[in-house]
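Since the structure comes first, as C-alpha cells, the remarks are kept for the end.
FYI, it's all coordinate maths here, none of it is from the lab. A quick note: this is a predicted structure, and the numbers were derived from the prediction, not measured. Ideal geometry is used to build each Cβ from the backbone, glycine not excepted, and the neighbour counts take in all protein chains shown.
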Amino acid sequence: MATYDQLTEWAGLGNVTRAERDTVAGWRIPGFMKAQLVEVGIPLAPRLIERVVMQSEAEPALLTSRGPLYRLTEQVDPDDQAERSSFGVEPETGTVYFVMPDGEAWFANSGVGVWLDVLHHYGRCVTASELLSEPDGPEEYLSEEEEEQAFAELNRLAEELKEIDPAAFNGYEGFLWPGLLDRWLY
C-alpha cells in the first residue's frame, strides 16, 4: 500500500491532499478506505489529476451513468472550462471510476487502496521518464527511436499497473487505464 511519504516523494510536498476525517466520516464506503483517504491522501498526477476536490456531503453528489458517486478530484480542460472530468468512489463498494464531462463513468480501479497504489506507480514512472513527462505531451517532439522507446515504457507501465489491479484491465471500452495508456502517443 502506498504511503503519504511515497506519494510526496514524486508528487512533491503540497501536491498530496489528505482527506479530513470529518469530510469522509459520513461517506458510505468501507472504513479502511476512508482511513486510506485520510492517512495516505490523493496525489496530483500528470494528465489525470490537477485538483483534489473531495466533497463534504454525506450523500454522493457526483452524478454519473453508474449513479451518484463521492467526488474525489476534478480536472478542467484548459481549452473549455465547462469540460470537467473527475474521479469518484462508489458508495458501498468503494470502486473508483473516472467520470467523463458528460457523466459517463469509466472503471478505474476496484477500490481506493489499489487506486492509490496505481496512481503512485503511474505518477512515479511518468515523472521519472524523460519521454513521458513532457508537459505538452511527448508526441510532438519524439524521433522514431524515442517513440519506440516511449511505446515500450508505456507497455511496461501497463503490465505493472495490471499486476497491481488486474480488474482495471479486464476490458478496454469503459476502462480508464488501458485507454489512457493506449492513446498516449496518438
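Entry note, the chain: relative contact order of 17 percent, from Cα contacts under 8 Å with a spacing of 6+ residues. Taking every Cα-Cα distance in the chain and sorting them into 5 Å bins starting at zero, the pair-distance distribution P(r) comes out as 1, 8, 16, 21, 21, 17, 9, 4, 2, 1, 0 percent. Comparing Val112, Tyr4, Phe32 along the charge dipole axis of the chain, the residue lying farthest to the positive side is Phe32, per the Cβ-charge model.
Annotation: amide H-H contacts under 5 Å for Trp106 (H modelled 1.01 Å from N, sequence separation of 5 or more, or interchain): Phe98, Val99, Met100.
Distance between the pseudo-spin-label points of Glu130 and Glu50 (7 Å out from Cα toward the beta carbon): 2.8 nm. Each Lys and Arg Cβ is given +1 and each Asp and Glu Cβ -1; about its Cα centre, the stretch 4-182 then shows a dipole of about 1220 debye. Rounded to the nearest 20, the size of the Cβ-charge dipole of the stretch 48-130 about its Cα centre is 280 debye, with Lys and Arg at +1 and Asp and Glu at -1.
Along the chain, the exposed loop sites are GluC sites (Glu not before Pro) outside DSSP states H, G, I, E and B with at most 10 other Cβ atoms within 10 Å, and the longest stretch free of them is 1-91. Sequentially through the stretch 40-48, phi angles give Karplus couplings (6.51, -1.76, 1.60; θ = phi - 60°) of 8, x, 10, x, 6, 10, x, 6, 10 Hz, Gly and Pro residues having no value and appearing as x.
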